[in-house]
Amino acid sequence: MNASSNAIIFDEIRTCSRIAKDSAGRSVRVIDEADSAEIAKNYARPLVDIFITALAGEILPYRYIRNRDSLSLQEQKKLAESCVAVIGCGGLGGNVLLMLSRIGIGSIIIVDPDIFDESNLNRQAFAVSDTIGMHKTDSAFLAIKSINPGVEVRGFKTAITGSNATEILNGANVVVDALDNLPDRKMLQQVSHQMKLPLVHGAITGFEGQVMTIFPGDSYNLFENDDYNRAFSALSAESIMGVPSITPVFIASLQAMEVVKIILKRGNLLSGRILYSDIELGEFNYFSL
């Protein structure tokens, strides 16, 4: 949007805004989603643009009022301006997508070639009786838009490969590895490195899981590390140990938090170290690389 149209839109946002009370009884100027959607429709703009314009003028989209204090308005705006690519939208990826769409990431890329079947119902966020037989990306797209229409979504019903990864990841600020096999993970780290994109890795099996963040400048290749590959052989044994619903939700929450910390440049990242957890035993260990 140019400056003049942006000013006109902000005037409408200001006119439609109201004073609300947060959970602590403090006054906050907010704009309701119905009003934001009407302005977006009138100016043929994505809803996320209206959210960004409102936040730039210190008006909070009402849906984010419970983010207040944990996130400043400037940080909420930064999330709305960011794009995250989630590769795989099954157990890990589906839960990551739910959290990123609720916290306010403005643009999400989802990639998964698979279709839901009944075996996904025990753990995958978008697997419900009505989505059996549906492409996972289609289900994820509809769910995200229902949760937060202020998220722009691009879906790819294909496996990510060395030949299409650059096109798929175009515009992303962060990549989330929610894959389930070592060759694709290796390729994704290589492409992320080439495109200078931080990669948030997660892996699960049974009640065990691990998370870490890999930056393009990091000197090691996680998936070429012999110690990691030995550990990963056990962690990739999903067909033997299965994955109960609790594990992907827990590990996905850590991955989503890594994404937020990367974008906002705050907190302590799991960079150069793996957080390994056995949630059944209540054990959490860090391994440096």
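What follows draws every value from the coordinates through simple rules; no lab data is involved. Here the structure is a predicted model, which means the values were calculated and not measured. Please note: Cβ atoms are built from the backbone with ideal geometry, for glycine as well, and neighbour counts cover all protein chains shown.
Observations on the structure shown:
- Angle between the chain longest axis and helix 246-264 axis [Cα atoms, degrees, rounded to 10]: 60 degrees
- Scattering curve values for segment 74-184, log₁₀ I(q)/I(0), Debye with Cα scatterers, q = 0.10, 0.13, 0.17 Å⁻¹: -0.26, -0.44, -0.75
- Axis angle, to the nearest 10 degrees, between helix 226-235 and the longest C-alpha principal axis of the chain: 80 degrees.
- Highest to lowest packing among 246-253, 22-29, 153-160, 192-199, scored as the average C-beta count within 10 Å: 246-253, 192-199, 153-160, 22-29
- Full extension of the chain between Ser129 and Ala3 gives 40.6 nm of extra length, using 0.36 nm per residue less the Cα-Cα distance.
- In segment 82-288, a dipole from Cβ-located charges (positive for Lys and Arg, negative for Asp and Glu) runs towards its positive end, and of Ile144, Leu182, Ser245 it is Ile144 whose Cα lies farthest in that direction.
- Using 0.36 nm per residue and subtracting the Cα-Cα separation, the extra length available between Asn268 and Met195 on full extension is 23.9 nm.
- Taking all Cα-Cα distances within the chain, those exceeding 30 Å account for 34%.
- With θ taken as phi - 60° and the Karplus curve 6.51 cos²θ - 1.76 cosθ + 1.60 applied, the whole-hertz 3J(HN,Hα) list for segment 37-49 is 5, 5, 5, 4, 5, 5, 10, 6, 10, x, 4, 4, 5 Hz, x standing for glycine and proline.
- Extension gain, Ala159 back to Asp114 (0.36 nm per residue minus Cα-Cα distance, nm): 15.4 nm
- Each Cα pair under 8 Å and six or more residues apart adds its sequence gap; the mean of these over the residue count of the chain is a relative contact order of 15 percent.
- Stokes-Einstein D for segment 87-152, Kirkwood Rh over Cα pairs, 20 °C, 1.002 mPa s (µm²/s): 185 µm²/s
- FRET efficiency for the pair Asp278 and Arg26, taken as 1/(1 + (r/R0)^6) with r the Cβ-Cβ distance and R0 = 51 Å, rounds to 0.80.
- Segment 1-85: proportion of alpha-carbon pairs further apart than 15 angstrom, %: 54 percent
- For the chain, a simple Cβ point-charge model (Lys and Arg +1, Asp and Glu -1, everything else neutral) yields a dipole of about 1000 debye relative to the Cα centre.
- Highest mean packing first, where packing is the average number of other Cβ atoms within 10 Å per residue, the peptides 175-181, 275-281 line up as 175-181, 275-281.
- Taking the inverse of the mean 1/r over every pair of distinct Cα atoms in segment 1-150 gives a Kirkwood hydrodynamic radius of 16.5 Å.
- Computed over the chain, the per-residue total of -39500 (n - 2.57) for DSSP H runs of n ≥ 4 gives a 222 nm mean residue ellipticity of -12000 deg cm²/dmol, rounded to 500.
- Seen against the Cα atoms of the chain and their longest principal axis, helix 91-103 is set at about 20 degrees.
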